[in-house]
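Below is one structure, written out as structure tokens; comments come after it.
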């Protein structure tokens, strides 16, 4: 794996590059939380999950991570886009969590 730094208007976000052929998945975060709330994936395939942030969130919920798939803890800042690069190795349901392990109401289901 290789680490990349992406500069946005407000900050630099570090991500992990897995595969240039990764399937792109687009999500949004707004008043309805993360949409879509369920992302389907397959073991052994690479995915790039991009989340467009349309809402500021405060407190512990202003962080987001995807434990066991991409454990970079990223800050939720309105108008930014954050990215998770994943390549699941185990069938499971992985929730998007804040740094205190509270759910953001969405998950990746790997089969």
Exercise. Considering the alpha-carbon set of region 42-111 alone, what are its Rg and its Dmax in angstrom?
Worked result: 12.0, 35
Exercise. Taking 0.36 nm per intervening residue step and subtracting the Cα-Cα distance, what contour gain separates residue 60 from residue 93 on full extension?
Worked result: 9.7 nm
Exercise. What FRET efficiency comes out for the pair residue 78/residue 22, r = Cβ-Cβ distance, R0 = 41 Å, nearest 0.05?
Worked result: 0.95
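Only the coordinates and a few stated rules stand behind these numbers; no lab work does. What you see is a predicted model; the values in this text were computed from it and never measured. When we count neighbours, we look across all protein chains shown, and the Cβ atoms used for this are built from the backbone with ideal geometry, even at glycine.
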